[in-house]
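Right, one structure below, let's go through it.
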Amino acid sequence: MKSAQSLVASLMVCLPAATLLADDLATWKTYPVASHGNLTVNLRIRPEATLADEEWIAIEFVNQGASPIKVKEASYSMERTDRDFRGGPPGRQPSLASGNSQSLFPDAWERSPVRPMVIPPGTYRVIEQPSSSSSALLGLAPQRGQRIQATIQLELVLDDGTKVTTKPQATRFEFEWLRPDTDGFHRMRVRLERLVANPKFCDFHADIVGQLLRIDSVSSELTLPQLLAGLEKYGGMITGRERLAMFIDHRFPNDPALVTSLEQRLRRSDRAVLHDMTHMPNTWDDRLLEPLLAMFEADDANWRLVLNVLDLHGSPQKSDAAIARRLSRAIVASGALNDDSVNAVVKISHALQTLGRTHDRAAAKHVKRLLDDKRPVGVESVSPIFLTRLPAFRVCDEALEAVLMLLDSDASAMYPEFENDGKTFEAIYEKIAEERDELIAKVKKRISEN
C-alpha cells in the first residue's frame with residue numbers, strides 16, 4: 001500500500017505549471033494547429049534551438065472569449081519526418097514530444113482530486129514539458145546542426161463533447177537544431193546540477209536528466225556527494241531515479257562512499273535503495289548481503305527486488321545453501337503458500353515464483369501439495385496465435401515450475417515449443433495440461449524420494 005501511495009504522490013507533483021515566454025517571443029515562429037469558436041491553438045517554436053535551451057517550444061491556447069473554456073480530455077503528439085531521423089525514411093517514431101491531459105493542464109493535476117481543466121480568457125502556454133521532452137529525444141546536435149522537419153497532431157475534447165483537432169491532417173513545422181556553443185555547454189552543466197539537486201518526479205524530467213548525464217563534458221564535474229544527495233531527494237519516488245543510479249554506478253563503481261551509503265540505506269529499510277541497486281551491476285560488497293537478506297525477511301513486498309539485486313551479482317544463493325535456506329524459510333514463514341484470501345491465487349503464484357528463485361532444494365517439500373491445485377491463474381483468454389510456448393495457467397503449473405527451479409535450476413522441461421496449427425485455445429490448453437500433468441507426477445516422485 002505504501003508503494004502505491006508513493007506512486008500517486010509522484011504523479012501529483014510531477015507536472016510543472018505553464019510559464020510565460022521570454023521577451024524574445026516575437027522571434028518565435030507560429031504554426032496554427034486547431035481552432036473552434038473563440039479558441040485557437042498554436043505551436044510556437046524558436047527557428048533555431050539547441051540542447052542548452054530550456055524553453056524553445058510551446059503549445060499555445062488563445063481564448064478570445066470572456067469565459068473559461070472547459071476541457072475534458074487533451075492529447076498531442078509530434079513526430080519527425082526529416083530523413084536525418086536515424087538515417088531512415090520520413091515518419092519513423094517516436095521522435096519528438098507527446099503528452100496527455102496532465103501534460104497540457106498540469107495545474108489541474110497538482111493535487112488530488114483533479115481539478116477541472118480550463119483554458120482561461122487570454123493566452124495560456126505550456127512550455128517545459130514539450131521543450132524538455134523534445135530536447136531529450138533530439139539529444140546533442142551534430143557539429144553541422146540539423147534541419148528538423150516534423151508534424152504535430154492535437155486533440156481536445158471540450159466539456160460539451162466538441163472535438164477540437166488537427167485531424168485528418170497534421171500541422172507541419174520545421175526548425176534548426178544546432179550544436180551548443182561554449183556558453184551553451186556551461187548552461188547545460190548548470191542546468192544538470194540544478195535538476196540533480198531538485199528532481200521532479202515525472203518522465204520528461206527523467207528524460208532530460210538522462211540525456212544530459214550521457215554527455216561527458218556536461219556531467220563529468222558532478223561529484224559523488226552531489227549525486228547521492230540528489231538520489232536521496234527522490235525519497236520513495238521511483239520515476240526517474242534509475243537514470244541517476246545507473247550513472248552513479250558507471251562513474252563511481254564500488255566507491256567506498258557509495259557502498260557505505262547503500263549499506264546505511266539498507267539498514268534503515270529504505271525500500272527505494274532496492275530499486276537503485278537493481279541498476280548498479282558494478283557495485284557490490286559482501287557487507288551488503290546481510291541487510292539485503294534482512295529486508296527480504298521483513299516484507300514480502302521486497303522479495304522480487306532483493307532477488308533481482310542478488311541475481312545481478314551472481315545469485316549467491318545458488319552456491320551458498322545457507323543463503324538459499326534463509327530466503328526460502330522467509331517465504332514459507334509468511335504463510336503465502338497457504339493463503340486462503342480472496343486474492344489467494346495471486347498471492348500463492350507470487351510466492352511460488354519467488355520460492356523457485358531461492359534455489360533451496362529442501363524447500364521443494366513445501367510445494368508438493370500445490371502440485372494438485374488445478375485452480376486457474378488467469379490466462380485463459382490468451383490467443384494461441386501469439387504464443388510459442390504456453391505460460392503457467394494453473395496453480396499446479398506455477399508449483400511445477402517452482403519445483404523444477406528448486407531441484408534443477410531449470411524449468412524448461414515444462415515449456416516445450418509447439419505449433420498451434422490452427423488449433424483452438426481449448427485444444428492447446430488440454431494438450432499442454434496433459435503433458436504437464438505427466439511431468440507433475442514425475443516431480444512428485446522425485447520429492448518423495450528426496
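The values are calculated or read from the model by the stated rules, or taken from the named source; none is laboratory data. If you're wondering where the values come from, they're calculated on a predicted model, not measured in any experiment. Here the Cβ is made from the backbone with ideal geometry for all residues, glycine too, and neighbour counts use every protein chain on show.
Being part of a loop (DSSP other than H, G, I, E, B), modelled with pLDDT of 95 or more and either touching a His at 6+ places or on another chain (Cβ under 6 Å) or hydrophobic (A, V, I, L, M, F, W, C) (or both) narrows it down to one residue among A52, A58; which is it?
Just a single option satisfies the conditions, and that option is A52.
Look through the range 204-216, keep the residues that are outside any loop (DSSP other than H, G, I, E, B) and surrounded by fewer than 17 Cβ atoms within 10 Å (Cβ to Cβ), and return whichever of them is farthest from the chain's Cα centre (by Cα).
D216
If you take the residues in the range 234-266 that are in a helix (DSSP H, G or I) and of a type in the set (D, E), which one is nearest to T223 (Cα to Cα)?
In this case the residue turns out to be D249.
Can you name the residue in the range 51-63 that is under 27 Å from the mean Cα position of the chain (by Cα) and β-branched (V, I, T) and, of all such residues, is nearest to G139 (Cα to Cα)?
I57
Could you please find all residues in the range 20-49 being in a helix (DSSP H, G or I) and either among the polar types (S, T, N, Q) or touching a residue at least 60 places away in the same chain (Cβ under 8 Å) (or both)?
Within the range 20-49, T27 is the sole residue that qualifies.
Inspect all residues belonging to the range 112-131 and state whether any of them is surrounded by 15 or more Cβ atoms within 10 Å (Cβ to Cβ), touching a residue at least 40 places away in the same chain (Cβ under 8 Å), in contact with a Lys or Arg (Cβ under 8 Å, 6 or more places away or on another chain) and of a type in the set (D, E).
no
Taking the range 417-450 on its own, how many of its residues are within 23 Å of G356 (Cβ to Cβ), surrounded by fewer than 12 Cβ atoms within 10 Å (Cβ to Cβ) and under 37 Å from the mean Cα position of the chain (by Cα)?
1
Return the total of residues in the range 217-242 being buried (at least 20 other Cβ atoms within 10 Å of the Cβ) and charged (D, E, K, R).
Looking only at that region, the number is 1.
Quick one: how many residues across the range 136-148 are touching a Phe, Trp or Tyr at 6+ places or on another chain (Cβ under 8 Å) and either closer than 28 Å to V71 by Cα or buried (at least 17 other Cβ atoms within 10 Å of the Cβ) (or both)?
5
Looking at the range 230-250 only, could you name the residues that are at pLDDT 95 or above and more than 20 Å from S135 (Cβ to Cβ)?
A245, I248, D249, H250
Any residue at all in the range 392-403 that is at pLDDT 95 or above and surrounded by fewer than 19 Cβ atoms within 10 Å (Cβ to Cβ)?
no
Could you tell me whether any residue of the range 175-184 is in contact (Cβ under 8 Å) with a residue 24 or more places away in the chain, more than 19 Å from E48 (Cα to Cα) and among the basic types (K, R)?
no
Test E193 against the criterion of being out of contact with any His (no Cβ under 6 Å at 6 or more places or on another chain), among the acidic types (D, E) and not assigned by TED's automatic domain parsing to the domain that holds R80, and give yes or no.
yes
Using the structure shown, decide if F201 is among the aromatic types (F, W, Y) and either more than 30 Å from P106 (Cα to Cα) or assigned to a helix (DSSP H, G or I) (or both).
Criteria not met by F201.
Listed here are the residues, each with its yes/no results for (1) among the small types (G, A, S); (2) within 27 Å of Y234 (Cβ to Cβ); (3) at pLDDT below 95.
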residue	(1), (2), (3)
A18	yes, yes, yes
Y31	no, no, no
K72	no, no, no
G87	yes, no, yes
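Could you pull out the residue among S10, S95 that is assigned to a loop (DSSP other than H, G, I, E, B), under 26 Å from the mean Cα position of the chain (by Cα) and either modelled with pLDDT under 95 or of a type in the set (S, T, Y) (or both)?
Result of the check over S10, S95: S95.
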